[in-house]
Amino acid sequence: MKIVFAEIAKETRFEEPVAAQVLDLGYSYSASVEATVLEVTAAPIQGGCHLRGSFPYRGTMPCGRCLTPVPVSGEARFSLNYYPASAAPPREEETEVPLEETEDLYVEEDHVTPEALVTQQLYLELPEKVLCGDGCLGLCIRCGADRNRGGCSCPPEPDPRWDALRTLDHTRKE
Ligand SMILES: [Zn+2]
Ligand SMILES: [Zn+2]
């Protein structure tokens, strides 16, 4: 299924199932998001097509310190105006689009698929970083062992202040 902008002659409501997705977050991180149902209302506007809607999402993202999957969920809402790329205004300074406001998109394609719409909105919706807990100890920087599950056999990292103290002590004695 796809929403072809030019075919939207009157306000039309769609309800489309969207399969589970794995989103690449960069640095070998990825988020897994379960299947969902996208609700979207399409309407013609001057020179383009307006899409607004929402979908619930549930999934997991790796803890930013120890990589354990952390549940994430919520409701994504969007309001978008699609225009052909050829209609794009001369490039102005990048301005942040305030949340809850309609965003103007200038696209090469004449359509959008429910999958693409969900993916695009999930990237905006998902938090940049999650933690499994405030007290997460993270991974050992030497062997990669999860320090939340007990110690590894790596020697503890010396506190750099200790060296400084010893040097100070030395100077005093001499
Ligand atoms: Zn963690
Ligand atoms: Zn270790």
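Some notes on this structure:
- Some residue of the stretch 108-124 being in contact with an Asp or Glu (Cβ under 9 Å, 6 or more places away or on another chain), part of a strand (DSSP E or B), of a type outside the set (Asp, Glu) and outside the structural domain of SER153 (by TED's automatic domain parsing): yes
- Looking only at the stretch 1-20, and only at residues there that are in contact with a Ser or Thr (Cβ under 6 Å, 6 or more places away or on another chain) and surrounded by 11 or more Cβ atoms within 10 Å (Cβ to Cβ), the one that is farthest from PRO71 (Cα to Cα): LYS2
- No other residue among CYS49, CYS66 is surrounded by 15 or more Cβ atoms within 10 Å (Cβ to Cβ) and within 16 Å of ligand 2 (Cβ to nearest atom) apart from CYS66.
- Selection from the stretch 6-41 of residues that are under 18 Å from the mean Cα position of the chain (by Cα) and assigned to a loop (DSSP other than H, G, I, E, B): ALA19, ALA20, TYR27, SER28, GLU34, ALA35
- All positions within the stretch 4-27 that are aliphatic (A, V, I, L, M) and touching an Asp or Glu at 6+ places or on another chain (Cβ under 9 Å): VAL4, ALA6, VAL18, ALA19, ALA20, LEU25
- Failed item, numbered, when CYS140 is tested on (1) more than 10 Å from ligand 2 (Cβ to nearest atom); (2) over 17 Å from VAL70 (Cβ atoms); (3) in contact with a helix residue (DSSP H, G or I) (Cβ under 9 Å, 6 or more places away or on another chain): (1)
The values are calculated or read from the model by the stated rules, or taken from the named source; none is laboratory data. Worth saying up front: this structure is predicted, and the values here are computed from it rather than measured. Because the Cβ atoms are built from the backbone with ideal geometry, glycine has one as well, and the counts that use them run over all protein chains shown.
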